[in-house]
Amino acid sequence: MEEKFMKEALKEAKKAYNKLEVPVGAVIVKDGQIISRAHNLKESKKDTTKHAEILAIQKASKKLDSWRLLDCEMYVTLEPCTMCAGAIIQARVGKLYIGTMDYKTGACGSVLNVLKDYPFNHKVEYETGILKDECENILQRFFKELRKNKKL
C-alpha cells in the first residue's frame, strides 16, 4: 500500500520537475483515499513556504475543515525540512512515509530528527525508504539537468 501512494507523490514531483521546481511531491491519505496532493511551488510563487508538504497540509485541512490530521498519513518523496517537519507535527499527522533522505537539510533523521528527538506533545510515526531509488533518481536528474543548462 505504501508504494501505491508514494507513486502518487512521485506524480506530483514530476509536475514540479516540469515547472523547473525542485521535484518534491506529497499526498495525504485518510481511510485509504487520497484527500490532498501537492508539489513544490517555491520558485514559481516566489515564496519560501510553498513546499509540497505545507501545501498538502493546507489542502487536507480545508477538505476536512480541521487543522487536525490525526487519522491521516502523509507520503513525501524527499525527507521534510525543519519547517515542514514542524508543520507535520502541528497538523497532528498520524504517520509519515518518506521516499529518500535529504542529507543537506533533512529534519526527520538525516541532519536532525525533529520527529523523534524533542518532547513535543504529538509524536509522528515515520518510515523511510519507500520507493527510494525512484525518489532519488528524479532529484538527481533534475539537478544534473539544471547544472548542464546552467540554470542553477
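A few remarks follow.
- Gyration tensor verdict on the stretch 1-113 (Cα atoms; rounded if a/c is under 1.5, prolate if a/b is larger than b/c, oblate otherwise): rounded
- Sequence-distant residues sharing a close amide H with Leu96 (under 5 Å, placed H): Met74, Glu125, Tyr126, Glu127
- Share of carbon and sulfur in the accessible heavy-atom surface of the chain [1.4 Å probe, %]: 50
- Largest to smallest in accessible area, the residues Met83, Met101 fall in the order Met83, Met101 (1.4 Å probe, all protein chains included).
- Proximal lysines relative to Lys15, as straight alpha-carbon distance under 19 Å, when same-chain residues fewer than 8 apart are discounted: Lys4, Lys7, Lys42, Lys45, Lys46, Lys50, Lys59, Lys132, Lys144, Lys151
- Taking θ as phi - 60° and the Karplus parameters 6.51, -1.76 and 1.60, the scalar couplings of the stretch 118-127 work out to 10, x, 6, 6, 10, 9, 9, 6, 8, 9 Hz in sequence order, x denoting glycine and proline.
- Each of Thr82 and Lys46 was given a label point 7 Å from its Cα along the Cα-to-Cβ line. The distance between the two points is 2.7 nm.
The values are calculated or read from the model by the stated rules, or taken from the named source; none is laboratory data. Bear in mind the structure is a predicted one, so any value in this text is a computation, not a measurement. A quick note on method: Cβ atoms are made from the backbone with ideal geometry, for glycine too, and the neighbour counts reach across all protein chains shown. Areas reflect the complete protein model, heavy atoms only, side chains present, ligands, DNA and RNA absent. Shrake-Rupley method; radii C 1.70, N 1.55, O 1.52, S 1.80 Å.
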